[in-house]
Amino acid sequence: KDESESWGVNHLAVLYVDDAYGNGFAQGIVLAAKEMAPGMQIETFSLAVNPDDAQIQRVIASMAESQYMYFFAILASSYDEIMTAAYNAGIAGTGKHTWLFSDGVGSEFIGRDFTVGSPLERALRGTGTLSAQGGMPGMKAYDALVEGLRELGESVEDKEYLYSLLPNQGITNHTDVTDSDSFLTTPGFVAPFLYDAVISAGLSACNLEMNHNTTDGSFALNGGDHYDAIVASTFEGSSGTIVFNSETDTRNPKSALFTLVNFVDDPDASTSDVVQFKSQETDVFEFGAWRSLQPFVFNNGDTIAPPDLPETEVDRNYIPAGLRAVGLTLCGVIIVLSIGFTVWTKKKEKIRIVKAAQPIFLYIIAIGTLLMGCAVIPLSLDPGVVSMEGASIACVSVPWLLACGFSMTFSALFTKTHRILTIMRNAAAFKRVKVTALDVAKPMICLLLANIITLSVWTGIDPRSSKTIVLQTNRFGKATETESICYSEHQSIFLSVLGVINLGALLVAFVEAYLARNISVELSESAYIMKAISIILLVCLMGIPVIIIAQENTSAFYFVAVGIIFTVCISILCLIFVPKIRASMKPPPAKKKHRSGGPDISRTSTQSDTDNSGIKILSSPMAMAELEEENRRLKQMAETMRASKSVRRWSNEVNGLEESRRLSQMSNDSMVESDVATGNERRVTFERPNSGDIENHTEMDAVDEEGGVIEEEENIGEEASHIEMNVVDAEEGVDEEDIEKEEQVDNIVKVV
């Protein structure tokens, strides 16, 4: 357990020989892992006792398919064939795979010559054995056993006694064993365990005899009592502290001694063509814990343990770099146009076209589209380009920029449409209406506050954050496909609230724009507002379902979202600003000169010069003060004509004739006046609209340049609705019937 944790191994493949020893060993590993390392996954593979090459190939192929990187082999033979097959299958000698063997290997790989670069040399380099040990130098009981065996081997008398105890069974000479230089000089692997087993049996018997009380002093030892006494005994043996497990009646593995041996190059015995391996102990397990003696060298020559699973290629579904570049480019276009139109409005805010469109509304529209365009920037950020914290900040900022920008842009369009309808409804009833800055700002403020409050509550109690979700995993539970999303537990609720606020207001504005669709003001602004609101509504109704469908595909979601933002912003900017820029670039129309010498009077025509229906407020260069001055001067001219009559006694008759002339001319919608001072005649023409067309042919739209207040009265305003008055030179616009009437009046005046 400790070794697996230090190496980070949670996946282990066990290859074992299908016999009693191999099965027991393998099952012991599985059970120990469940108890001591529950998170470790172990998969076992069995081999026949004497496997042939075909079976070895099949088993090794299965192990390769498992994708495990650490292998523990419990073998008694066929080492070379198995390791060669493992090398050929790519699960040994790669620098990424690690093989350990049980104690059955022993010194199988020590002292052998391996050709440099051969499959066995590459496969066995950096391997090792994990085995139980009877003891180690430095352990008190083990050192005492070693010393006792050495003294026993040096005593001739003791040797002779041992010879007498050795079984004959047809063997009369044991000198081939006893005369060996290693006889009784080292305890070997088995001697400490055998010694402790004998001591355990003897101590348990002694304990039973000591605890047995009989009157005659006799003692009878039976197998059951002896076995129970052995299991219950505990003592310090040569192989460590002897403790038995009360449930399994086997020795507690924590009391045993285990060593991890590493097979590394032996520089003293290796050449440029041949390599020999030596064993070196790297770790020891005693007293229930591992103790490191020196680093373990793995197959890649490094002392850092390789990962226990192959590196998994994870498809993280980040926004592709090319698509992100396209999105940011479109964002740049929106930002440049928004700033450019803002600068143009500031520069041209004194001209009549911009003043008539209210610069404050143009500023708000440009700022709103700028905010919506900037939302593309955080939308383009994901954990592939920023940290998780940065991605979380981007997740929070996207709804803020979109909602605030949309509400500002939309409320400006709504306010302009609502203002026009308010003016026209009151003008149709010949009522005076005063639309203040606060009146037009109320809808904007309410909508913006509703969005800000909703976003603030959302951010305060359940802010959006970047979260990585796993879409697919492999057989080990490792993610093979992930996706980064902006997650909020209650985001559906808050998005619904924002949708109701903005889309609901958008529907109301669409109705208002539809009612104002035929009101043709200068530059057809009502029509353009109608188109802009229609585009917003259409994009929202079609784009939102597409976004919902595409949200599982990161690239598709990003493309659709950026496309919606770009379409909305560019449509609004072009429909609102481009017509005004084009109109400002045209030269002003030339004033028409009249022989009467009077100033050019603006006219509001009930008949459009084009095929468009509705009121068309044409160019009006004359201010209201000039119109009033012209009316006053014309009145003075009429009074002078009356005062210049030479015979007062004919005044009643002349007045009667003038009254008749006036009534006759008004019936033909014309009147001719004589200017005595100049001798010229002028015709003042009144074209009265039909009462049923008043609503569609009357508009009062005045701009307060200083305060931005729109003030409308029946006959006041730069673009006021008024009855058309055309001053036409008599020689240019008088028909034959009018000339005859004027000649009759002149004859009467001459007679007088």
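Observations on the structure shown:
- Just one of the listed residues (K140, K159) is at pLDDT 75 or above, touching a Gly at 6+ places or on another chain (Cβ under 8 Å) and basic (K, R), namely K159.
- Test for Y558: is it open to solvent by less than 40 Å² (accessible area, probe 1.4 Å), in contact with a helix residue (DSSP H, G or I) (Cβ under 8 Å, 6 or more places away or on another chain) and in a helix (DSSP H, G or I): yes
- Qualifying positions in segment 475-491 - more than 16 Å from T459 (Cβ to Cβ) and not in a strand (DSSP E or B): R475, F476, G477, K478
- Entry remark, segment 287-313: residues being in a loop (DSSP other than H, G, I, E, B), hydrophobic (A, V, I, L, M, F, W, C) and open to solvent by 50 Å² or more (accessible area, probe 1.4 Å) number 3 in total.
Residue-by-condition table, conditions (1) at pLDDT 90 or above; (2) in a helix (DSSP H, G or I); (3) of a type in the set (V, I, T); (4) in contact with a helix residue (DSSP H, G or I) (Cβ under 8 Å, 6 or more places away or on another chain):
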residue	(1), (2), (3), (4)
S338	yes, yes, no, yes
F341	yes, yes, no, yes
E349	no, no, no, yes
F361	no, yes, no, yes
M372	yes, yes, no, yes
P378	yes, yes, no, yes
A391	yes, yes, no, no
A394	yes, yes, no, yes
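- Residues of segment 376-389 satisfying the condition of being surrounded by fewer than 16 Cβ atoms within 10 Å (Cβ to Cβ) and touching a strand residue (DSSP E or B) at 6+ places or on another chain (Cβ under 6 Å): M388
- The residue that is farthest from the chain's Cα centre (by Cα), among those in segment 185-200 that are closer than 18 Å to Y227 by Cα and surrounded by 15 or more Cβ atoms within 10 Å (Cβ to Cβ), is I199.
- Test: residue in segment 97-111 that is more than 30 Å from G288 (Cα to Cα) and surrounded by fewer than 19 Cβ atoms within 10 Å (Cβ to Cβ): yes
- The set of residues from segment 138-151 being open to solvent by 50 Å² or more (accessible area, probe 1.4 Å) and either closer than 16 Å to F189 by Cβ or not in a loop (DSSP other than H, G, I, E, B) (or both) comprises K140, D143, A144, E147, R150, E151.
- Pairs linking a residue in segment 344-369 that is of a type in the set (A, V, I, L, M) and open to solvent by 40 Å² or more (accessible area, probe 1.4 Å) to a residue that is part of a loop (DSSP other than H, G, I, E, B) and modelled with pLDDT under 90, with Cβ atoms under 8 Å and 6 or more positions apart or on different chains, are I360/G708.
- In segment 31-56, the residue that is surrounded by the fewest Cβ atoms within 10 Å (Cβ to Cβ) out of those that are within 18 Å of D103 (Cα to Cα) and at pLDDT below 90 is V49.
- Checking V457 against (1) modelled with pLDDT of 90 or more; (2) touching a Ser or Thr at 6+ places or on another chain (Cβ under 8 Å), the condition it does not meet: (2)
Listed here are the residues, each with its yes/no results for (1) surrounded by fewer than 16 Cβ atoms within 10 Å (Cβ to Cβ); (2) modelled with pLDDT of 80 or more; (3) farther than 20 Å from S338 by Cα.
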position: I533; (1), (2), (3): no, no, no
position: I544; (1), (2), (3): yes, no, yes
position: A550; (1), (2), (3): no, no, yes
position: V562; (1), (2), (3): no, yes, no
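- Top-ranked residue in segment 115-137 [being touching a helix residue (DSSP H, G or I) at 6+ places or on another chain (Cβ under 8 Å), part of a loop (DSSP other than H, G, I, E, B) and buried (at least 22 other Cβ atoms within 10 Å of the Cβ); ranked as modelled with the lowest pLDDT]: G135
- Of the residues making up segment 325-343, those that are open to solvent by 30 Å² or more (accessible area, probe 1.4 Å) and touching a residue at least 12 places away in the same chain (Cβ under 8 Å) are V326, L328, L330, V333, I335, L337, I339, T342.
- Among the residues here, G373 qualifies as crowded, with 18+ Cβ neighbours inside 10 Å and touching a residue at least 40 places away in the same chain (Cβ under 8 Å).
- Tally, over segment 100-133, of residues that are among the aliphatic types (A, V, I, L, M) and over 29 Å from G240 (Cβ atoms): 4
- When each of G24, G39, G8 is tested for being within 24 Å of R251 (Cα to Cα) and not β-branched (V, I, T), the lone residue that passes is G24.
- G188 satisfies every condition listed in (1) closer than 23 Å to G237 by Cα; (2) modelled with pLDDT of 75 or more except (2).
- Verdict on T312 being of a type in the set (S, T, Y) and modelled with pLDDT of 90 or more: no
- Residue identified as modelled with pLDDT of 75 or more, open to solvent by 40 Å² or more (accessible area, probe 1.4 Å) and not charged (D, E, K, R) among L438, L401: L401
- Every residue from segment 5-47 that is closer than 22 Å to A86 by Cα and without any contact (Cβ under 8 Å) to a residue 24 or more places away in the chain: N23
- Any hit, segment 580-587, residues being under 30 Å from V470 (Cα atoms) and exposed (fewer than 15 other Cβ atoms within 10 Å of the Cβ): no
- Residue list for segment 231-243, filter: surrounded by fewer than 17 Cβ atoms within 10 Å (Cβ to Cβ) and part of a strand (DSSP E or B): F235, E236
- Pairs with Cβ under 9 Å, 6+ apart, first in segment 508-521 and under 21 Å from M444 (Cβ atoms), second at pLDDT below 65 and of a type in the set (K, R): V521/K616
- So T259, is it at pLDDT below 90 and part of a loop (DSSP other than H, G, I, E, B): no
- Considering segment 315-324, and only residues there that are outside any helix (DSSP H, G or I) and open to solvent by 50 Å² or more (accessible area, probe 1.4 Å), the residue that is farthest from A92 (Cα to Cα) turns out to be P320.
- The C-beta contact set for segment 251-267 (first residue on the phi < 0 side of the Ramachandran plot and open to solvent by less than 10 Å² (accessible area, probe 1.4 Å), second residue aromatic (F, W, Y) and not in a strand (DSSP E or B), distance under 6 angstrom, 6+ apart or interchain) comprises N262/F296; F263/F109.
The values are calculated or read from the model by the stated rules, or taken from the named source; none is laboratory data. Quick caveat, the model's predicted, so the values are computed rather than measured. Backbone-built Cβ (ideal geometry, glycine too); neighbour counts: all protein chains shown. Calculation scope for accessible area: heavy atoms of the full protein, side chains included, ligands and nucleic acids excluded. Shrake-Rupley method; radii C 1.70, N 1.55, O 1.52, S 1.80 Å.
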